[in-house]
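Single-structure report; data block below.
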Amino acid sequence: MEKVKKYACPMHCEGDKTYDQPGDCPVCGMDLKKEESKKSSSKNTTYTCPMHPEVKQDHPGSCPKCGMDLVPEKGAEISEEEKAYKKMLRKFWLAVGFSLPLLIIAMSGMVPFLKLNNIASEKVWNWIEFALATPVVFYAGWDFFKRGWSSIVRRSPNMWTLISIGVGAAFLFSVVAILMPGIFPAQFKDEQGNVHVYFEAAAVILTLVLLGQVLELKAHSKTNSAIKALLELAPPVARIIREGEEMEIPLEKVQVGDILKVKPGEKIPVDGVITKGNAVIDESMITGESIPVDKEKDDKVTGGTVNGKTAFEMKAEKVGEDTLLSQIVEQVNEAGRSRAPIQSMADTISKYFVQIVVSVAIATFIIWAIWGPEPTYVYAFVNAVAVLIVACPCALGLATPMSIMVGSGRMAQSGILVKDARAIEEMNKVDTLVIDKTGTITEGKPALRNYKSFGKMNDEEVLKLAASLEANSEHPIATAIIAGAKEKKIKIEKIEEFESITGKGIKANYKNETFGLGNHRLLEDFGITAEKDVQDETKEWQSYGHTVMYVISTKNIEGIISVADTIKSTSKKAIRELQRKGLKVHMFTGDNEQTAKAVADEIGLDSYSANCLPDDKNRKVKELQDQGHIVAMAGDGINDAPALTRANIGIAMGTGTDIAMESAEITLVKGDLNGIVRARELSHKVMKNIKQNLFFAFVYNSIGVPVAAGILFPFFGILLSPIIAATAMSFSSVSVITNALRLRKK
């Protein structure tokens, strides 16, 4: 299988559009994100010997030198996401290395013991600042200027426009100040005739932006690893039977109609049907259900699921892109592409703010150039630069990240891990919650629920017999019964002639008499019909979602016993609290109708859907979105991955699979629904804090921009020098940081 690469903008600026090559989004400038899927190709996997790497061939087999099994060769190539992340990380650390000494030099006047003027003159330090800032601007942050230029060319102003103009203005002003200080009015000079420079502002802003990009690329890499993990579910080789002989072939060479053999513990290579033998298949990675499924001849099996302790033969029916596993991978990719782009509040405001600021700066230059005092062009340039500096997006850039940083830390203390800022923002808007059953509402493993006698034995003797019969079985239901018996300190007896009957149950000799434990099909084998009272009790237990089995002697039904997945103690209270907050809660489960209804009724859900495959969950989430709902999906299994990605917010249980957690934006460490209640509350507080920060970020601009433009000069002779402009900008940043830190106490 060859991995075919597609690249798409993580902000989905152009909807479903993808590119064949990596690069930047032409609209917003973000790094394009790679998607992966498996396509048919003539390119073969290369197999090599772990002891003799020079041995290579295009098919599995044995090493001709030492006889060891050949293994698929692992490519040493680093993923493109990792390359982009490491490149950005190198630029970030370079920026940090130059910005820290630059900041110390610039702030030395405020630190009494740093008497740098005793070492060199102000002019010399200005040139040193220029030397330190230049690599940050022209190497580490140069891509941001290209993005800003692209936004101007496309007439789509955004944060990159603000960053490039703000940083560019600060740097250009500073360069002019050290090259031609004589053109500036006296009020902008110190006693030695030096003009204050802003190299540190340019470098520090770019360093902060680089940090944000590093975190963004890291998050993208983690998101894509969910798809990589899905791709790795399928085994690299399949065991085919041709002319009575078994041989291993690469998975991509399997064709429809081939007869394959699957040994105990192996992954099933493709979708197909059992032609010989029977098995107990662990389908949890596809269905999410914890109880393995009994399979016999003519039953369908799914690629990527795991065989139990028996061998069987199967006929391949779907291979390559047609397998259910490949379809799940494609659904995860498609759901990720189709999610509507979300504009953050800062970007929305910036779109208009940057146009206003640039217009004010241009107007300031024109007005001062025409009507200002001599030297008119100097006043015009200085005041226009002051407008750009006071509007520099430092506080604006900090407004959201600071709240997100502190808020996400506070959420982590509450057992809620968020992947990015978008998850916190969207969680505050959610009006519909979709949840899986197994492992989300329930514990995810069967447990003994009820047992009752209908014959000569008492209730505890029925449980003792059932546990003794199951003592030799490794089936999860057997484990649940045995664990239940041990909890009640019931001694398990030795049995003889144990026999497992696929799809029906088990039978064995106990005290010289044959007994059975199984479903209604086993009753038929024993030639027994259940009496009305047994049928009524069985139906009642089944209505609660229990799996019911009969304890059978040679002539009678001695009793019945049931197991079921246990509802988490926290689920009911959490769902009621979410409903009180205005959310509609729906359950989509792969379990049967009876079990689903029993769980839904017990915990008071708004609705439920049973027998859901991954495609069904994905489709139903999209239907809710099409109706205008903001949907959060909570799940814990691989089968939930497409729906988790499709939903506006995916929430994974920390007790679930890694793939579910990688597909989701929020992970609940403890794995209970109370975490969703906490996530909802904290997201509301974080978003409120962000709005307050944006107010602080802009209130200074609202006052500072007109003053910097010179509106007070005709009346009071006051001009806002770039030094005061930078001070106002810094004060707004301090206000933003202080306000964000309040979230630690929420």
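The values are calculated or read from the model by the stated rules, or taken from the named source; none is laboratory data. Not measured: the values here are computed from a predicted model. Because the Cβ atoms are built from the backbone with ideal geometry, glycine has one as well, and the counts that use them run over all protein chains shown. Side chains are part of the model used for accessible areas, which takes the heavy atoms of the whole protein and leaves out ligands, DNA and RNA. Shrake-Rupley method; radii C 1.70, N 1.55, O 1.52, S 1.80 Å.
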Reported to the nearest 10 Å², Tyr544 has, with a 1.4 Å probe, an accessible area equal to 120
Rounded to the nearest 10 Å², the 1.4 Å probe accessible area of Arg239 is 40
Here FRET efficiency (C-beta to C-beta, Ser569 to Thr529, R₀ 41 Å, nearest 0.05) is 0.55
Once Phe696, Phe715 are ranked on solvent-accessible area with the largest value leading and a 1.4 Å probe, the list reads Phe715, Phe696
A correct Karplus calculation of ³J(HN,Hα) over region 510-516, with 6.51 cos²θ - 1.76 cosθ + 1.60, θ = phi - 60°, whole Hz and x for Gly and Pro, returns 9, 6, 6, 9, 7, 10, x
Taking Asp601, Asp459 and ranking on accessible area (1.4 Å, protein atoms only), highest first, one gets Asp601, Asp459
Sorting Trp541, Trp125, Trp142 on solvent-accessible surface, 1.4 Å probe, most exposed first, gives Trp142, Trp125, Trp541
Counting only protein heavy atoms and leaving out ligands, DNA and RNA, the solvent-accessible surface of Asp606 at a 1.4 Å probe, in Å² to the nearest 10, equals 70
So for region 424-532, using the alpha carbon gyration tensor with a ≥ b ≥ c as root eigenvalues (a/c under 1.5 gives rounded; past that, a/b versus b/c decides prolate or oblate), I'd call it prolate
Non-local residues with an amide H under 5 Å from the amide H of Ala634, with H modelled 1.01 Å from N and Pro and chain starts lacking one, are Val434, Ile435, Asp436, Ile651
Length-normalised contact order of region 518-594, Cα under 8 Å, at least 6 apart, in percent, tallies to 25
Here region 692-707 yields Karplus 3J(HN,Hα) values (6.51, -1.76, 1.60; θ = phi - 60°; whole Hz; Gly and Pro given as x) of 5, 5, 5, 4, 4, 5, 9, 5, 5, 5, 4, 8, x, 4, x, 5
With the 8 Å Cα cutoff and a minimum separation of six or more residues, region 506-551 has a relative contact order in percent of 42
One finds the C-alpha centres of region 237-267 and region 457-476 to be spaced, in Å, by 38
Protection proxy (average C-beta count within 10 Å per residue), highest first, orders 428-438, 93-103 as 428-438, 93-103
